[in-house]
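Please read the structure below before turning to the comments.
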Amino acid sequence: MQTILYGENASGKSRQAARTVMLHPTDHYLISFRDSYGTLDDSYYYQLRWNAQAIDDDTPTLGQLIEKADALADSRAAWDGQEKQLAMREQRKALLEKLLPLFGLDRLWDKYIITLSSGELRKFSLVKALLSLPRVLVLDSPFTGLDAGTREDLARLLGEVASELQMEVHLLMQRLDIVPPFIQETQTLPPGPLPEPDIAAMRTAIASLPVKDLAAEPFYPSGDAPEIVRCNAVSIRYGSRTILNSLDWVVREGECWAIGGQNGAGKSTLLSLVCADNPQAYACDISLFSHRRGSGESIWEIKRHIGYVSPELHRAWQHNIPALDIVASGLFDTTGLPRRPDEGEERTCRFWMRLLGIEALAERSFLQLSDGEQRLCLIARAFVKDPELLVLDEPLHGLDEKRSALVKELIDAFMQRPHKTLLMVTHFEHELPRCINRRLQLKKS
């Protein structure tokens with residue numbers, strides 16, 4: 001049976017999937033939402049991907065991890081006898097010959113795992129799952145983080161693999177944008193506990209927010225349509241791999257940019273330069289808020305004006321603290337709280353949580369929330385300090401149709417306010433808000 005389990009955020013999809021795979025305790029594979037961004041360990045921090053000094057002799061390459069997954073699958077097959085082990089070895093070899101060029105991972109074989117994009121890590125997670133040749137494969141949001149071409153290839157490949165290996169496939173979906181042709185049944189779960197979005201009230205609330213006096217902010221540029229970002233022939237390389245190649249780009253206040261490109265084209269790397277998270281910025285000709293990087297500015301002067309959410313941030317956030325504290329950390333641009341928010345700051349946090357329909361979750365542990373609820377908390381964190389530059393890297397990951405529509409309307413309403421600029425990355429055209437008025441398409445080197 002090949003099925004889609006479809007439901008809103010917090011409707012119990014992952015819990016039901018867990019019950020499904022428990023029926024096959026020795027012959028299943030589950031890829032959860034967090035696996036979208038690759039393997040996580042205690043040493044991970046969200047800037048890790050851009051810090052080449054974090055690479056040492058123990059840092060694995062993509063090829064080494066795939067070979068390790070293949071060897072592990074081979075050792076497990078040995079329990080079924082030599083004949084079956086040899087047959088499964090041939091199946092895995094044939095599968096890899098399909099998967100590696102299909103996902104473009106053959107070109108990344110020698111690349112360190114921490115330098116790969118979230119979409120490339122997603123492909124690796126899928127390869128690792130399929131190499132185990134499971135009888136039951138459960139994929140939570142399988143098309144998350146993949147460019148359009150890869151989504152189509154994956155949908156086709158899953159059908160072929162399910163047929164060839166007689167594999168049972170269950171897909172967990174918040175949206176039904178892609179229904180692979182091999183799917184035989186769709187199950188719709190009852191709505192979750194989040195309240196119905198009130199978009200009209202949200203727009204009114206945002207329109208009533210006070211306007212900042214930026215004259216008191218010496219780091220923010222003055223004048224009409226000042227430059228917010230300038231890149232002059234910016235190139236970023238990790239070893240022999242070129243991520244950005246001689247990029248010229250200027251962003252002015254009030255512009256709303258959609259940044260596109262294939263997995264690995266450099267979208268998140270570009271945003272890491274803007275958010276002062278990538279140390280290679282000091283070797284490049286980059287200006288933020290009309291200040292050249294490396295001219296004496298602090299990263300805190302930059303971050304004070306930026307609201308940010310990304311797959312790396314979500315992947316790294318493993319703090320067992322109340323959701324309200326997660327949102328409040330955005331006031332301080334930290335991954336924890338340097339102090340407790342005062343009464344006014346807490347009201348601000350609750351205001352943004354209320355707009356997103358998650359105020360009732362304020363006291364709940366972040367790690368006990370569903371993936372979609374966690375993403376809404378991180379979106380509230382991006383808005384909480386009323387930033388001048390909003391940097392949203394695939395912000396709608398893990399959100400159902402209602403919450404996606406709400407966040408798009410929130411972005412649109414926010415961008416109507418003075419002195420606001422938007423940079424947004426997504427692989428889905430329908431996720432872009434109406435305010436988008438500029439586009440940058442990056443090409444994979």
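Every read-out reported here was derived from the displayed coordinates using simple, explicitly stated rules and does not represent laboratory data. Keep in mind that what you see is a predicted model, and the values were worked out from it rather than measured. Heads up, the Cβs are rebuilt from the backbone with ideal geometry, glycines too, and the neighbour counts pull from every protein chain shown.
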Checklist entry - What shape does the range 255-313 have by the C-alpha gyration tensor, where a ≥ b ≥ c are the square roots of the eigenvalues, rounded means a/c under 1.5, and otherwise prolate means a/b greater than b/c and oblate the rest? => result prolate
Checklist outcome for this item: At R0 = 25 Å the Cβ-Cβ FRET efficiency linking Arg156 and Ala87, nearest 0.05, sits at 0.50
Item to check | Rg/Rg_globular for the chain, with Rg_globular taken as 2.2 N^0.38 Å and Rg from C-alpha atoms | outcome: 1.00
Checklist entry - If the viscosity is 1.002 mPa s and the temperature 20 °C, what translational diffusion coefficient in µm²/s does Stokes-Einstein give for the range 109-244 when Rh comes from Kirkwood over Cα pairs? => result 105
Checklist outcome for this item: Percent of all alpha-carbon pairs of the range 199-441 at distances over 27 Å, whole number, is 33
Checklist outcome for this item: Within the under-15-Å Cβ sphere about Ser365, not counting Ser365, Lys/Arg +1 and Asp/Glu -1 give a net charge of -3
Checklist outcome for this item: Per the 1/(1 + (r/R0)^6) rule, R0 = 56 Å and r from the Cβ atoms of Arg417 and Lys444, FRET efficiency to 0.05 is 0.95
Checklist outcome for this item: Per DSSP, the loop-located trypsin sites (Lys or Arg not before Pro) within the range 288-365 having at most 13 other beta carbons within 10 Å are Arg339
Item to check | Whole-Å semi-axes of the range 183-319's equivalent ellipsoid (Cα gyration tensor) | outcome: 32, 26, 14
Checklist entry - Modelled label-to-label distance, Glu164 and Phe182, 7 Å Cα→beta-carbon offset: nm? => result 1.0
Item to check | Helix-derived mean residue ellipticity, 222 nm - over the chain, DSSP H n ≥ 4, -39500 (n - 2.57), to 500 | outcome: -10500 deg cm²/dmol
Checklist outcome for this item: Quick shape check on the range 107-159: root eigenvalues a ≥ b ≥ c of the Cα gyration tensor, a/c under 1.5 is rounded, otherwise prolate if a/b tops b/c, else oblate, and it reads oblate
Checklist outcome for this item: Given a Förster distance of 41 Å, the FRET efficiency implied by the Cβ-Cβ spacing of Glu345 and Ala94, rounded to the nearest 0.05, works out to 0.10
Checklist entry - Mind checking the angle between helix 13-22 and the chain's longest principal axis? C-alpha axes, 0 to 90 degrees, to the nearest 10. => result 20
Checklist entry - When the chain is fully extended, how far beyond the present Cα-Cα distance does Asn320 get from Asp248, taking 0.36 nm per residue of separation? => result 21.8 nm
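For the range 199-441, what is the percent of antiparallel DSSP beta bridges, rounded to the nearest 5?
45
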Next on the checklist: For a 18 Å ceiling on Cα separation, which of these pairs sit above it: Lys98/Lys128; Lys303/Lys444; Lys84/Lys128; Lys267/Lys443?
Outcome noted: Lys303/Lys444; Lys84/Lys128
Item to check | Whole-Å semi-axes of the ellipsoid equivalent to the range 377-445 (Cα gyration tensor, √5λ, descending) | outcome: 18, 16, 12
Next on the checklist: Residues of the range 415-430 with the amide nitrogen closer than 15 Å to a label point 7 Å from the Cα of Arg175, along Cα-to-Cβ, please.
Outcome noted: 425-430
